[in-house]
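Asker: Below is one structure. I have some questions about it.
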Amino acid sequence: MIKRLWNLHIGLIKYIYAELKQKKTVKELLVFFKNIGGKYIKVLSEEYKALISLLDPQYRKQRKEYERVKNLKQDFYRALKLLKYLDEKMTAQGMPSWKRKQFWRDFFKNGQVRKEEFETLLKEIG
(Lines give C-alpha, C1' and ligand atoms only; values in the text may rest on other atoms or scores of the structure.)
Protein backbone atom coordinates (compact mmCIF):
# COMPACT_ATOMS: atom_id res chain seq x y z
CA MET A 1 0.00 0.00 0.00
CA ILE A 2 2.79 2.41 0.89
CA LYS A 3 4.55 1.56 -2.37
CA ARG A 4 1.36 2.35 -4.30
CA LEU A 5 1.08 5.73 -2.58
CA TRP A 6 4.75 6.42 -3.26
CA ASN A 7 4.38 5.49 -6.95
CA LEU A 8 1.23 7.63 -7.16
CA HIS A 9 3.12 10.70 -5.99
CA ILE A 10 6.17 10.04 -8.17
CA GLY A 11 3.94 9.58 -11.21
CA LEU A 12 2.03 12.75 -10.36
CA ILE A 13 5.24 14.79 -10.11
CA LYS A 14 6.50 13.45 -13.44
CA TYR A 15 3.17 14.16 -15.11
CA ILE A 16 2.96 17.71 -13.73
CA TYR A 17 6.53 18.42 -14.80
CA ALA A 18 5.85 17.20 -18.34
CA GLU A 19 2.59 19.15 -18.62
CA LEU A 20 4.06 22.37 -17.25
CA LYS A 21 6.38 22.52 -20.24
CA GLN A 22 3.39 22.49 -22.60
CA LYS A 23 1.10 25.01 -20.87
CA LYS A 24 1.52 28.55 -22.11
CA THR A 25 -1.07 30.75 -20.41
CA VAL A 26 -2.12 31.23 -16.80
CA LYS A 27 -5.67 30.16 -17.66
CA GLU A 28 -4.39 26.82 -19.04
CA LEU A 29 -2.33 26.31 -15.89
CA LEU A 30 -5.31 27.01 -13.62
CA VAL A 31 -7.57 24.62 -15.52
CA PHE A 32 -4.82 21.99 -15.49
CA PHE A 33 -4.23 22.26 -11.74
CA LYS A 34 -7.98 22.26 -11.03
CA ASN A 35 -8.46 19.05 -13.03
CA ILE A 36 -5.36 17.32 -11.69
CA GLY A 37 -6.22 18.33 -8.12
CA GLY A 38 -9.71 16.83 -8.35
CA LYS A 39 -8.42 13.57 -9.78
CA TYR A 40 -5.61 13.44 -7.22
CA ILE A 41 -7.99 13.86 -4.29
CA LYS A 42 -10.33 11.19 -5.69
CA VAL A 43 -7.56 8.63 -6.17
CA LEU A 44 -5.92 9.44 -2.85
CA SER A 45 -9.20 9.09 -0.95
CA GLU A 46 -9.80 5.68 -2.57
CA GLU A 47 -6.32 4.55 -1.56
CA TYR A 48 -6.83 5.67 2.04
CA LYS A 49 -10.25 3.98 2.17
CA ALA A 50 -8.61 0.76 1.01
CA LEU A 51 -5.88 1.14 3.64
CA ILE A 52 -8.36 1.79 6.44
CA SER A 53 -10.57 -1.10 5.36
CA LEU A 54 -7.58 -3.46 5.39
CA LEU A 55 -6.89 -2.53 9.00
CA ASP A 56 -10.52 -2.93 10.10
CA PRO A 57 -11.11 -6.39 11.65
CA GLN A 58 -14.81 -6.36 10.69
CA TYR A 59 -13.85 -5.76 7.05
CA ARG A 60 -11.37 -8.63 7.18
CA LYS A 61 -14.08 -10.97 8.50
CA GLN A 62 -16.47 -9.90 5.76
CA ARG A 63 -13.77 -10.26 3.12
CA LYS A 64 -12.90 -13.76 4.36
CA GLU A 65 -16.56 -14.79 4.24
CA TYR A 66 -16.93 -13.29 0.77
CA GLU A 67 -13.89 -15.23 -0.49
CA ARG A 68 -15.25 -18.45 1.06
CA VAL A 69 -18.63 -18.03 -0.66
CA LYS A 70 -16.94 -17.11 -3.92
CA ASN A 71 -14.81 -20.28 -3.79
CA LEU A 72 -17.88 -22.39 -3.00
CA LYS A 73 -19.70 -20.93 -6.01
CA GLN A 74 -16.72 -21.66 -8.26
CA ASP A 75 -16.53 -25.24 -6.98
CA PHE A 76 -20.28 -25.64 -7.51
CA TYR A 77 -20.08 -24.42 -11.11
CA ARG A 78 -17.13 -26.69 -11.83
CA ALA A 79 -19.03 -29.68 -10.45
CA LEU A 80 -22.09 -28.69 -12.47
CA LYS A 81 -19.97 -28.56 -15.63
CA LEU A 82 -18.69 -32.08 -14.93
CA LEU A 83 -22.20 -33.40 -14.44
CA LYS A 84 -23.40 -31.72 -17.65
CA TYR A 85 -20.40 -33.19 -19.45
CA LEU A 86 -21.29 -36.68 -18.21
CA ASP A 87 -24.89 -36.30 -19.35
CA GLU A 88 -23.88 -34.96 -22.78
CA LYS A 89 -21.38 -37.79 -23.14
CA MET A 90 -24.06 -40.39 -22.44
CA THR A 91 -26.42 -38.69 -24.89
CA ALA A 92 -23.70 -38.63 -27.57
CA GLN A 93 -23.10 -42.35 -27.03
CA GLY A 94 -26.78 -42.95 -27.83
CA MET A 95 -27.79 -44.09 -24.35
CA PRO A 96 -31.61 -44.11 -24.00
CA SER A 97 -33.20 -41.77 -21.49
CA TRP A 98 -34.34 -44.55 -19.18
CA LYS A 99 -30.74 -45.80 -18.87
CA ARG A 100 -29.50 -42.26 -18.17
CA LYS A 101 -32.16 -41.82 -15.47
CA GLN A 102 -31.10 -45.11 -13.90
CA PHE A 103 -27.45 -44.04 -14.06
CA TRP A 104 -28.21 -40.76 -12.28
CA ARG A 105 -30.22 -42.59 -9.57
CA ASP A 106 -27.30 -44.94 -9.01
CA PHE A 107 -24.87 -42.05 -9.17
CA PHE A 108 -26.57 -40.15 -6.37
CA LYS A 109 -27.32 -43.19 -4.19
CA ASN A 110 -24.12 -45.20 -4.60
CA GLY A 111 -20.72 -43.71 -3.77
CA GLN A 112 -18.89 -46.45 -5.66
CA VAL A 113 -20.55 -45.44 -8.94
CA ARG A 114 -19.50 -41.82 -8.37
CA LYS A 115 -15.95 -42.88 -7.62
CA GLU A 116 -15.73 -45.02 -10.76
CA GLU A 117 -17.16 -42.27 -12.99
CA PHE A 118 -14.81 -39.63 -11.63
CA GLU A 119 -11.85 -41.97 -12.09
CA THR A 120 -12.82 -42.50 -15.74
CA LEU A 121 -13.19 -38.72 -16.16
CA LEU A 122 -9.74 -38.19 -14.71
CA LYS A 123 -8.33 -40.75 -17.13
CA GLU A 124 -10.06 -38.97 -20.03
CA ILE A 125 -8.75 -35.58 -18.99
CA GLY A 126 -5.22 -36.66 -18.11
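Asker: Given the residues Arg114, Arg60, which is the only one that is within 29 Å of the chain's Cα centre (by Cα), surrounded by 10 or more Cβ atoms within 10 Å (Cβ to Cβ), assigned to a helix (DSSP H, G or I) and not assigned by TED's automatic domain parsing to the domain that holds Ile10?
Answerer: Exactly one of Arg114, Arg60 is within 29 Å of the chain's Cα centre (by Cα), surrounded by 10 or more Cβ atoms within 10 Å (Cβ to Cβ), assigned to a helix (DSSP H, G or I) and not assigned by TED's automatic domain parsing to the domain that holds Ile10, namely Arg60.
Asker: How many of the residues making up region 1-42 are surrounded by 12 or more Cβ atoms within 10 Å (Cβ to Cβ) and either at positive phi or among the hydrophobic types (A, V, I, L, M, F, W, C) (or both)?
Answerer: Residues that pass the stated criteria total 9.
Asker: Any idea which of Trp98, Trp104 is in the same structural domain as Leu121 (by TED's automatic domain parsing), over 25 Å from Leu122 (Cα atoms) and not in a loop (DSSP other than H, G, I, E, B)?
Answerer: Residue meeting the stated conditions: Trp98.
Asker: Applying the selection to region 82-95, what residues are assigned to a helix (DSSP H, G or I) and surrounded by 10 or more Cβ atoms within 10 Å (Cβ to Cβ)?
Answerer: Hits for region 82-95 are Leu82, Leu83, Lys84, Tyr85, Leu86, Asp87, Glu88, Lys89, Met90, Thr91.
Asker: Related question: Identify, please: which residue in region 1-38 is of a type in the set (Lys, Arg) and in contact with a helix residue (DSSP H, G or I) (Cβ under 9 Å, 6 or more places away or on another chain) and is, among those, farthest from Ser53 (Cα to Cα)?
Answerer: Filtering region 1-38 for residues that are of a type in the set (Lys, Arg) and in contact with a helix residue (DSSP H, G or I) (Cβ under 9 Å, 6 or more places away or on another chain), the one farthest from Ser53 (Cα to Cα) comes out as Lys23.
The values are calculated or read from the model by the stated rules, or taken from the named source; none is laboratory data. In this text the structure is predicted, and so the values were computed from the model without any measurement. So basically every Cβ, Gly included, is an ideal-geometry build from the backbone, and we count neighbours across all protein chains shown.
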